[in-house]
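Colleague: Mind looking over this structure? Questions follow.
The values are calculated or read from the model by the stated rules, or taken from the named source; none is laboratory data. The structure displayed is predicted, hence computed values, not measured ones. So basically every Cβ, Gly included, is an ideal-geometry build from the backbone, and we count neighbours across all protein chains shown. For accessibility, only protein heavy atoms count, side chains too; no ligands or nucleic acids. Shrake-Rupley method; radii C 1.70, N 1.55, O 1.52, S 1.80 Å.
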Amino acid sequence: MLAGEPYFGGDPYLTELRKQSQERAAKLAIVRHEPAKYSAAIHELLGSVGDDKAIMESPMFFDYGCNTHVGKRFQMNISCTILDCARVDIGDDVLFGPCVKIFTAEHPVDPAVRLTGVESARPIKIGNNVWIGGSAIILPGVTIGNNVTVGAGSVVTKDVPDNVVVAGNPAQIIKLV
């Protein structure tokens, strides 16, 4: 799965890992206003965290959590989803608006293959000093550069270079910064 190889999402082991991720996310919501426990809960949920200043608002959903790695001063607003079937790397000083969706998982386009239950995933990388506006969607395999703003509601289907604003469906460069 993490190596980009096909896998079966319904595998009992993967199902158990997703259950554990949901339990860790629920724990995070419970300890939100207890600073010492809150920081520890974030570290338990995610693969790595750059510092103790991360803010993640509930509700939130991760497939696994452990495949998501965030930098310093990460902030995630409410109702975000990270399907981290492949690695997700998020840089320093990144802000997620509400309802941001990060999707590493893909299903086959061929209907006959899709019926077999096989899936695949591609990693996503988000640079430093990035703001992803509310309800934006980042699709599998995308790399977003540094100093980028992704407009609310955008669907990012391809790599984004440094120092730009992108918006739309599919997201396109609308401004250099």
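Colleague: Out of segment 51-78, which residues are surrounded by fewer than 17 Cβ atoms within 10 Å (Cβ to Cβ) and among the small types (G, A, S)?
Modeller: Result: S58, single match.
Colleague: Let me ask something else. Could you check segment 74-91 and list, in sequence order, the residues that are assigned to a loop (DSSP other than H, G, I, E, B), under 15 Å from I137 (Cα atoms) and of a type in the set (A, V, I, L, M)?
Modeller: Our first condition is that a residue be assigned to a loop (DSSP other than H, G, I, E, B); within segment 74-91, this holds for 74, 77-79, 84-87, 91.
Still in the running and under 15 Å from I137 (Cα atoms): 77-79, 84.
Residue satisfying the conditions is I78 alone.
Colleague: Residues of segment 20-32 being among the hydrophobic types (A, V, I, L, M, F, W, C) and part of a helix (DSSP H, G or I), which ones?
Modeller: If we filter segment 20-32 for residues that are among the hydrophobic types (A, V, I, L, M, F, W, C), which is where we start, we get 25-26, 28-31.
A25, A26, L28, A29, I30, listed by residue number.
Colleague: Let me ask something additional. Contact list please: Cβ distance under 6 Å, first residue in segment 83-107 and farther than 18 Å from G47 by Cα, second residue open to solvent by less than 10 Å² (accessible area, probe 1.4 Å) and assigned to a loop (DSSP other than H, G, I, E, B), pairs at least six apart or on different chains.
Modeller: Close Cβ pairs (under 6 Å, with a partner that is open to solvent by less than 10 Å² (accessible area, probe 1.4 Å) and assigned to a loop (DSSP other than H, G, I, E, B)) amount to G97/G133; V100/A136.
Colleague: Restricting attention to segment 143-167, and to residues there that are over 19 Å from F74 (Cα atoms) and β-branched (V, I, T), which single residue is surrounded by the most Cβ atoms within 10 Å (Cβ to Cβ)?
Modeller: V156
Colleague: Something else about it: For R114, state whether it is modelled with pLDDT under 95 and on the phi < 0 side of the Ramachandran plot.
Modeller: Numbers: modelled with pLDDT under 95: yes; on the phi < 0 side of the Ramachandran plot: yes.
Yes, satisfied.
Colleague: Can you give me the number of residues within segment 33-67 that are assigned to a strand (DSSP E or B) and either within 14 Å of L95 (Cα to Cα) or touching a Gly at 6+ places or on another chain (Cβ under 6 Å) (or both)? Spell out how you get there, then give the answer.
Modeller: Keep residues of segment 33-67 that are assigned to a strand (DSSP E or B), which gives 48-49, 55-56, 60-62.
Checking the rest, the ones that are also either within 14 Å of L95 (Cα to Cα) or touching a Gly at 6+ places or on another chain (Cβ under 6 Å) (or both) come to 55-56.
Here the count works out to 2.
Colleague: Now a separate question. Can you pull out every residue in segment 6-17 that is open to solvent by 50 Å² or more (accessible area, probe 1.4 Å) and either assigned to a helix (DSSP H, G or I) or of a type outside the set (A, V, I, L, M, F, W, C) (or both)?
Modeller: Of segment 6-17, the ones open to solvent by 50 Å² or more (accessible area, probe 1.4 Å) are 6, 8, 10-13, 15-16.
If the condition is that a residue be open to solvent by 50 Å² or more (accessible area, probe 1.4 Å) and either assigned to a helix (DSSP H, G or I) or of a type outside the set (A, V, I, L, M, F, W, C) (or both), then P6, G10, D11, P12, Y13, T15, E16 are the ones that fit.
Colleague: Now, a different point. What strands (runs of 3 or more DSSP E) lie completely within segment 92-150 and have 2 or more residues being of a type outside the set (A, V, I, L, M) and more than 19 Å from C80 (Cβ to Cβ)? Reasoning before the result, please.
Modeller: On the way: elements: 101-103, 118-121, 124-126.
Result: 118-121.
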